[in-house]
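The values are calculated or read from the model by the stated rules, or taken from the named source; none is laboratory data. As the structure is a computational prediction, the values presented were derived from the model and not from experiment. Counting neighbours? That spans all protein chains shown, and the Cβs are built from the backbone with ideal geometry, glycine included.
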Amino acid sequence: MKFSILIVTILALCVSCDSKKEQEVVLTTDSPEEVSKDTISNFHCYQFTNGKDTIQIRYQQDGDEIEGWMRYNFFEKDASVGEVEGKIAGDTLKLEYDFLSEGMLSEQQVYFLKKDGKLYQGSGEMEMSKDSVMKYIQPKKLNFDDTTPMEHLENCPNDFIQSKNIEFYKKEKEKLD
């Protein structure tokens, strides 16, 4: 009887040790498949480019919540880069764009209509709110006839909006806050 209990205990310890080893391997191994899932499925990238002008947005969606980064770079005009956050309601992204341009930190609403694999930016009359945010006066009457729609990119690289731009934004924002 004691011999049987001893054998069962030894077997239980062996199984326990083996499962710990397997668990350690799983926890310390990064497979390329996991990285690509993070790169492709958790982030959405859209871009407009015509050679001289570029608009980029990279965001992550959790339910109806959105957060990410956006960058405008137009030829012979000041570029802007900053954070976006907001919600998606149906086919419309309703975002606040907190950005740096011309050495100034600004914030404004930006809405995008998601249609046929593209994002079309809304336009409409805006005004400065009491909290210094440019907001649409009548968001339900926005025009989405955007001539620079951003195309959805299947692969969304981590450095889609260059980290040097993001770091510059963060550094300048810290100075201004």
From 81, 110, residue being among the β-branched types (Val, Ile, Thr), touching a residue at least 60 places away in the same chain (Cβ under 8 Å) and in contact with a strand residue (DSSP E or B) (Cβ under 7 Å, 6 or more places away or on another chain): 81
Quick one: which of 77, 37 is closer than 20 Å to residue 153 by Cα, basic (Lys, Arg) and at pLDDT below 95? 37
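Every residue, every condition in (1) of a type in the set (A, V, I, L, M); (2) over 18 Å from the mean Cα position of the chain (by Cα), yes or no:
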{"site": "100", "(1), (2)": "yes, no"}
{"site": "107", "(1), (2)": "no, no"}
{"site": "115", "(1), (2)": "no, yes"}
{"site": "124", "(1), (2)": "no, yes"}
{"site": "129", "(1), (2)": "no, yes"}
{"site": "132", "(1), (2)": "no, yes"}
{"site": "138", "(1), (2)": "no, yes"}
Given the conditions (1) out of contact with any Asp or Glu (no Cβ under 8 Å at 6 or more places or on another chain); (2) over 24 Å from residue 137 (Cα atoms), which single one is not true for residue 94? (2)
Select, from 73, 143, the only residue that is in contact with a strand residue (DSSP E or B) (Cβ under 6 Å, 6 or more places away or on another chain), within 24 Å of residue 170 (Cα to Cα) and either in contact (Cβ under 8 Å) with a residue 24 or more places away in the chain or surrounded by fewer than 18 Cβ atoms within 10 Å (Cβ to Cβ) (or both). 73
Evaluation of residue 105 against (1) closer than 23 Å to residue 148 by Cβ; (2) of a type in the set (A, V, I, L, M); (3) at pLDDT below 95 (one fails), failing number: (1)
Scan the range 81-95 residue by residue and report those that are crowded, with 20+ Cβ neighbours inside 10 Å and hydrophobic (A, V, I, L, M, F, W, C). 81, 84, 93, 95
Check whether at least one residue in the range 152-161 is assigned to a strand (DSSP E or B) and closer than 19 Å to residue 66 by Cβ, and report yes or no. yes
Here is a list: 98, 78. Which entry is loosely packed, with under 14 Cβ neighbours inside 10 Å, of a type outside the set (A, V, I, L, M) and either assigned to a strand (DSSP E or B) or in the same structural domain as residue 163 (by TED's automatic domain parsing) (or both)? 78
Has the range 165-175 got any residue that is outside any strand (DSSP E or B), of a type in the set (Asp, Glu) and surrounded by 12 or more Cβ atoms within 10 Å (Cβ to Cβ)? yes
Among residues of the range 117-140 being in contact with a strand residue (DSSP E or B) (Cβ under 9 Å, 6 or more places away or on another chain) and charged (D, E, K, R), the residue modelled with the lowest pLDDT is 131
